[in-house]
Amino acid sequence: MQKISDFVFSYPPNLQELDLATMVSMYRDRGEPRRAAPGKYLACTVSRKLLKEAKWWFGLYYSQTAWDELLTKGSEGYPLTESELNLLGLIVVSEEPPHREYVEKNIGILPKLAYLIVNDIKQFGFIQEDEHGFLTVSSRGEQALQGIARRIYGKRFMPEMLHAFHHDPSLSKGEKPGSDQATLF
């Protein structure tokens, strides 16, 4: 599957260097406005313009205009990345609701951050979790999934867009993810 755009939020590739407390702090502070110190300026990552105040994303700064442009249609203001596409997509392609552990392990990000993302997406109302840890996507989550899929790939969501599709052969054969039972047909 060919990406048509990389103009989307993304997590730094070297997140594994952070300790858990720092990662949680950076994750919770994303999108927070930051003011430059007196006599100093911040630079917008997208426009390269100097700013006195900008929104913060893992050490990068964005003007409000750039931030708004990066927000995905259907995301309701939640900054979606390819990891959220993988999270929502894994749930959608499963014939039966997948377990939270399976989803966290297969969204293509560090497990510590995957745990935070699942909690946030659940709190935001894009997914529901039952008492046994099985996940389902809400209608709002389906809209967010379609929005991020269209932004990155230019089309409606398909299983080929998933990170796990390229790493789990059962997804490409139409088998249920996490199924240990052999197929007889």
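The values are calculated or read from the model by the stated rules, or taken from the named source; none is laboratory data. All figures in this text were calculated on a predicted structure; none of them were measured in a lab. Here the Cβ positions follow ideal geometry from the backbone for every residue, glycine too, while neighbour counts run over all protein chains shown. Ligands, DNA and RNA are stripped out before the accessible areas are found, and what is left, the full protein with its side chains, is counted by its heavy atoms. Shrake-Rupley method; radii C 1.70, N 1.55, O 1.52, S 1.80 Å.
Numbers at a glance
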quantity	calculated
Test: residue in region 26-39 that is more than 21 Å from K122 (Cα to Cα), among the hydrophobic types (A, V, I, L, M, F, W, C) and at pLDDT 95 or above	yes
Checking E82 against (1) of a type in the set (D, E, K, R); (2) farther than 16 Å from L162 by Cα; (3) open to solvent by 40 Å² or more (accessible area, probe 1.4 Å), the condition it does not meet	(2)
Flag for Q2 being touching a Leu at 6+ places or on another chain (Cβ under 7 Å), open to solvent by 70 Å² or more (accessible area, probe 1.4 Å) and in contact (Cβ under 8 Å) with a residue 60 or more places away in the chain	no
Answer from L20, L42, L50, L15 - the residue that is under 15 Å from the mean Cα position of the chain (by Cα) and of a type outside the set (D, E, K, R)	L15
Close pairs from region 39-57: first free of Cβ contacts under 8 Å to residues at least 12 places away in the same chain, partner open to solvent by 20 Å² or more (accessible area, probe 1.4 Å) and part of a strand (DSSP E or B), Cβ under 7 Å, at least 6 apart	Y41/L50; Y41/L51; L50/A43
The listed residue being part of a helix (DSSP H, G or I) and within 13 Å of the chain's Cα centre (by Cα), out of L90, L80	L90
Hits in region 131-151 (condition: out of contact with any Leu (no Cβ under 9 Å at 6 or more places or on another chain) and part of a helix (DSSP H, G or I))	S139, R140, Q143, Q146, R150
